[in-house]
Amino acid sequence: MSAAKKKLDTDQIASELSESAFFQPTKPQVGKTTSSQVDKTTKPPIEKYTTHLYPASIKAIKVHAAAHDLKDYEVVQLAIDAYLEQQVQESPVEQPTPVEQKTHSRTEVEAPVPLPDDLVTLQAFADQHFVSRNEAERLRQTGAITAVKGTWTVGKQRVTVALDAKGRRDFWIQFHETQGFRACDDCPHSRG
């Protein structure tokens with residue numbers, strides 16, 4: 001393997017993480033050590049996260065970690081730090097201090113808008129057709145499934161993405177031949 005391939009481009013990892021990673025917090029692992037000895041150094045608390053990455057990204061992280069005597073999570077943390085620093089440099093956004101933050105009274109908060117009858121949430125539509133929500137979301141993000149963006153409520157849940165007639169048709173086109181797909185009475189969803 002050439003030296004150029006061994007060197008891992010942290011910008012590439014940061015780019016892949018920003019495009020493909022969905023971080024989900026898990027239980028905090030604050031103050032736990034791997035040995036029975038008490039950790040005498042004061043380290044900032046680390047919260048454990050899980051993520052979804054492409055297999056090639058995972059392999060590249062492991063290779064880079066081994067080559068630089070780092071842990072996998074340290075490589076990911078460095079890439080994320082570099083990405084966030086780049087974002088700050090490109091478009092600095094001032095965060096208001098707690099004193100400057102505007103508090104909203106109950107009358108200032110917008111009333112929830114229910115999801116219109118001609119729209120359906122992507123998750124509900126995927127569930128109705130026995131399709132993976134994650135796969136449906138991935139195809140929506142790539143543009144293979146057209147979605148309407150907005151802010152609505154379904155029950156007590158806030159929804160920001162929904163399918164109109166075109167989106168439902170796109171969904172059907174993408175999934176109707178996949179294993180496990182279950183058609184509904186409206187399939188094949190024609191463009192309304």
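Each label point is 7 Å from the Cα along the Cα-to-Cβ direction; what then is the distance between the points at Gln89 and Thr142, in nm?
Inter-label distance under the simple model: 3.2 nm.
Output ³J(HN,Hα) for the range 47-52: one whole-Hz value per residue in order, computed from phi by the Karplus curve 6.51 cos²θ - 1.76 cosθ + 1.60 with θ = phi - 60°, and x for Gly and Pro.
9, 7, 10, 10, 8, 10
With the contact rule set at Cα under 8 Å and sequence spacing of 6 or more, what percent relative contact order holds for the range 120-175?
35
Obtain the nm distance between the two label points defined at Arg182 and Ala124 by a simple spin-label model: each point lies 7 Å from its Cα along the Cα-to-C-beta direction.
1.7
Classify the range 120-175 as rounded, prolate or oblate, taking a ≥ b ≥ c as the square roots of the eigenvalues of its Cα gyration tensor: rounded when a/c is under 1.5, otherwise prolate if a/b is larger than b/c and oblate if not.
Prolate, because a/c is 1.5 or more and a/b exceeds b/c.
Each reported figure results from applying straightforward, stated rules to the coordinates on display, with no laboratory input. Please read these numbers as outputs of a predicted model, since none were measured by experiment. All Cβ positions, even for glycine, are placed from backbone atoms using ideal geometry, and neighbour counts span all protein chains on display.
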